[in-house]
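What follows is a short report on a single structure.
Throughout, read-outs are computed from the coordinates displayed, never taken from laboratory work. Small disclaimer: the values here were computed from a predicted structure and weren't measured. Note that we place each Cβ from the backbone using ideal geometry, even for glycine, and neighbour counts take in every protein chain shown.
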């Protein structure tokens, strides 16, 4: 019997038109007192150039530093509000349709997100995914420490990640699919036999052309 | 502590006769509604209620059952003629707790009490700093008068509802006991002498303010932080000197219902209402100690526990004191409650149709901060500035400085503008003053003292409930998620039932039935017995 197959979906861009960094900034702007908010917002926004400079891991860590000392209660309430107001209004119907098709084919659905679990956790049930790989914020005495628990996910940067994941779950990477939207997803796409670029940014579009990867054009709902 | 198993509550209460005070209050309503809904085989409940000028005691109770949301489950559960169903179970007797024997004549007292199995005394005035001329007759003398009624009973049993905060200045871990004649400050005192001394002040001082100040000074000297806890404390100490089989139940801060009569139901302002309302203003800090426990307990948990305690009492198995609180097993700190209130405000402001001002204020999160670390913007500063501004506007006559032609042209309008502004400032000042007074009254509870009330007695009795009773009567506060409770129950309940009252509005009750419910139209079995006894 052949090994099972998986479909890896990068949540940001493929399924939802929101970035983890913007979520961190949104939450930083909803912390206590105006001056504190500005400082936190500054930290979260400083992560953007770091990410653009090619260090998404540091950018992700930095962005969530902005929530240091935020209470667990505030995190839970803001996360629910963010889900309702932002995520639920930014589905990418084409991406969701791809996911449903993969699930119908019997693929193991693996979602990859740079959002923290407190925010993006509901997506697993919402889309009927088998697995969600995302970040986890560290809590101590009911407050966020500002650190992310290891391993921090900021996109697949290690070429062996897909292979290792497939081995652990008895999957065949050569017959598995992956869907990404940015240059940072190229490592993920190159790890499977059936990659697909969804509304790719320019660098990924060029790569897709070079490697002859299929491209799907789709826009999120908002 | 191991407790003997309780038989099914239906068996314990079947055929029992209970005499109850305070059913028109927040807790009393829920307790009566829950008892009638879930233990309909109770023999007879006599309600001691004060008649008013516009409504007799029976009419008050009928209107309450007909229109209060607390009785929705009962109205839904009883099929057919609710009036007849109630007449077979309850009797309303006009009574006044301020009077000896609660105003009952000897014949009525004998008729009502000779068959009673227990008196449940829920009545009490819960205002924090009332005129003692109003609170002492209910909380002190009323307790005495209710206790005196037990002399008409074959087995004199009393369940007295007090408050955890009789602990007063004795902060820290508060055990479930009372040391009679020893005040919270550890001073030995004679409760009868103390009541007599207070009564003399109440009788002689001419104004409410003077009476409050004088009696409050006595309360603080003994270690009670306000007149409410003082009067309830005196009530407990008084009971301890009387020859009554009394069990005291002390709830902490009673708040919105978790499930009964329905989630978030509430009546009146409660203790947390003003605090939550404060959190909805633009002030950045609530003067309070963030890591102190705010001991809250949902009204339906208290109601369930009272029934379980009463069952124990009826079987002669009750402890002397029960504390009904949450802080020893599932504490919520002030800091957390203030944070959750701020989040509730934020969430509420995000609803469709929210006012712009609500949306803006929702972003000004309030925090719990101690008195010595408050930000500049505080209610007393605003009150002071408001007073100065009001005086300034009062002294300002804009027409003085205008040349004669302009005076004739716009002088009148300008003067009117100043007058309007002065009125608006006066209104804002009243709100600031209310906040300042509220914070003063609340200070001992939200800032100065930190209590942990031990609740082992009730938890032991609840754990010994019959398995068949657990679904309805078991209420384990240890599993309560404060985030869910505060946001989905308490905040929602306050918005629906309390904030409109604080803003000078009203809260609609249920519409009365058609025709309106009336009590006393059907003769209950005990009426026949009484008639026979009367003839004899």
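A few comments on the model shown:
- Each of residue B:317 and residue B:76 was given a label point 7 Å from its Cα along the Cα-to-Cβ line. The distance between the two points is 3.2 nm.
- Once the chain from residue B:179 to residue B:503 is taken as fully extended at 0.36 nm per residue, the excess over their C-alpha distance is 112.4 nm.
- Angle between chain A longest axis and helix A:72-82 axis [Cα atoms, degrees, rounded to 10]: 60
- Anisotropy class of region A:31-94 from Cα gyration tensor, a/c 1.5 cut: oblate
- Bridge type composition, region B:243-399 - antiparallel percent by DSSP, nearest 5: 10
- Mean Cα-pair separation over length for chain A, i.e. relative contact order, pairs under 8 Å, 6 or more apart, %: 26
- Alpha carbon centroid spacing (whole Å) that separates region B:95-127 from region B:331-403: 46
- Tensor-based shape of chain B (alpha-carbon gyration tensor, a/c under 1.5 rounded, otherwise prolate or oblate): prolate
- Calculated [θ] (222 nm, deg cm²/dmol) that DSSP helices of n ≥ 4 give over chain A, each run adding -39,500 (n - 2.57): -12000 deg cm²/dmol
- Peptide A:23-32 shows a mean partner chain C-beta count of 1 within 10 Å per residue C-beta.
- For chain B, calculated [θ]222 nm from helices alone, where every DSSP H run of n ≥ 4 adds -39500 (n - 2.57): -13000 deg cm²/dmol
- Packing around the peptides B:187-196, A:175-184, taken as the average count of other Cβ atoms within 10 Å per residue, puts them in this order, highest first: A:175-184, B:187-196.
- Relative contact order computed over chain B (Cα-Cα under 8 Å; 6+ residues apart), in percent: 21
- Difference of contour (0.36 nm per residue) and Cα-Cα distance, residue B:3 to residue B:242: 83.3 nm
- Between the alpha-carbon centres of region B:282-318 and region B:28-77 there is a gap of 23 Å.
- C-alpha long axis of helix B:379-395 to longest principal axis of chain B, angle in °: 50
- Cα-based shape type of region B:217-261, given that a ≥ b ≥ c are square roots of the gyration tensor eigenvalues and the cut on a/c is 1.5: oblate
- Angle between chain A longest axis and helix A:202-211 axis [Cα atoms, degrees, rounded to 10]: 20
- Per-pair calculated FRET efficiency, R0 = 45 Å: residue A:190 and residue B:359 via Cβ, rounded to 0.05: 0.45
- Within region A:99-211, antiparallel bridges make up roughly 25 percent of the DSSP beta bridges whose residues both belong there.
- Shielding score for A:70-76, defined as the mean number of other chain Cβ atoms within 10 Å: 4
- Between residue A:164 and residue A:101, the modelled labels are 3.1 nm apart [label points 7 Å from Cα along Cα→Cβ].
- Once both labels are positioned 7 Å from their Cα atoms along Cα-to-Cβ, the gap between residue B:282 and residue B:187 label points is 4.5 nm.
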